[in-house]
Amino acid sequence: MGSWVFLAILAVAVIYLISLYNKIIRMEQTRDNAFSDIDVQLKERHDLVPNLVNTVKGYADHEDDILKQLTEARATAMKGGSVGDVAKAESALGAAMMNLMAVAENYPDLKADQNFAKLQAELSNLEQKIAAARRFFNNATKEYNVSIKTFPAVLFAGAFGFGEEEFFELDALEKESASKPPEVNFA
C-alpha cells in the first residue's frame, strides 16, 4: 500500500513538472513570436529608408552627412543580433531618421512633395506598429521572466535551461522624444 502511495505522489510530481516545463516553453515561444513580429515591422522600416534617402537627395544634395549617417545606421540595423543589439541599432536608425526629418523641415519644396509626404505617413504608421509590437514583446518577456522566477518554477527553471530574457527597451534619446508632446506649427 505504501509503495502505491509513493508511486502516485511521484506520478503527480512528474506530471506537474511536465506541465510546468510546457507552460514555460509556451511562454518562450510567445516571446520569440513577438520578436518576429517586431522584426517584420523593422524590415519594412529598413525598406522605406532608401526611398526616403532618394527623395531627400533630390532636394537636399548638400546634406550628404545626414544621408550617409542614415544609410550606415540602416546597414547596422539590418545585421540583427540579440534583442539588445537590435534595440541599440534600431535606436540609432530612429535617431538618424529624426535628423533627416528635421533637415526636411528646412526645405519647403521637399515638405510639399507628395512622394515625401506619403513616405512620412508610411513611416509614422510603421513607427506605431513597431511601438505596438514592442509593447507586446515586452509584455511576453515580462510574463516569461515572472514565470521562471516564481515558486515552484524557480526551483526547476535553471535545471531546464531557462534564464531571464532582456526587454526591447528605449534608449535615452527615444525616451526623451517619447515624453515630449509633438510640436504643432500652423505658421
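The values are calculated or read from the model by the stated rules, or taken from the named source; none is laboratory data. Remember, it's a predicted structure, so these values are computed and weren't measured experimentally. Note that we place each Cβ from the backbone using ideal geometry, even for glycine, and neighbour counts take in every protein chain shown. Heavy atoms of the whole protein, side chains included, go into the accessibility calculation; ligands, DNA and RNA do not. Shrake-Rupley method; radii C 1.70, N 1.55, O 1.52, S 1.80 Å.
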22 Å Cα-Cα threshold exceeded, pairs from K57/K88; K57/K111; K57/K118; K68/K111; K57/K79
K57/K88; K57/K79
Checking the a/c ratio against 1.5 first, then a/b against b/c, what shape does the Cα gyration tensor give for the range 1-76?
prolate
Computed FRET value (nearest 0.05) for S124 with L17, which takes r as the C-beta separation and R₀ as 45 Å
0.40
At 7 Å along the Cα-to-beta-carbon direction for both K111 and F156, put a label point, then send me their distance in nm to one decimal.
6.2
Ellipticity estimate at 222 nm from DSSP helix runs (n ≥ 4, -39,500 (n - 2.57)) divided over the chain, nearest 500
-27000 deg cm²/dmol
Per residue accessible area of the chain, 1.4 Å probe, in Å²
63
Excluding ligands, DNA and RNA, the carbon-plus-sulfur percentage of the accessible area of the chain with a 1.4 Å probe reads 58
To the nearest 0.05, what FRET efficiency results for T76 and V146 with a Förster distance of 35 Å applied to their C-beta separation?
0.60
Using a 1.4 Å probe on the protein heavy atoms only, what accessible surface does V83 show? Give it in Å² to the nearest 10.
20
Check every DSSP H run in the chain and write down those whose alpha carbon atoms cover 18 angstrom or more along the long axis and whose mean Kyte-Doolittle hydropathy is 1.0 or greater.
83-104
Label selected from (1) -0.40, -0.47, -0.62, -1.00; (2) -0.32, -0.40, -0.59, -1.14; (3) -0.32, -0.40, -0.58, -1.03, the criterion being log10 I(q)/I(0) by the Debye sum over Cα atoms at q = 0.08, 0.09, 0.11, 0.16 Å⁻¹ as computed here
(1)
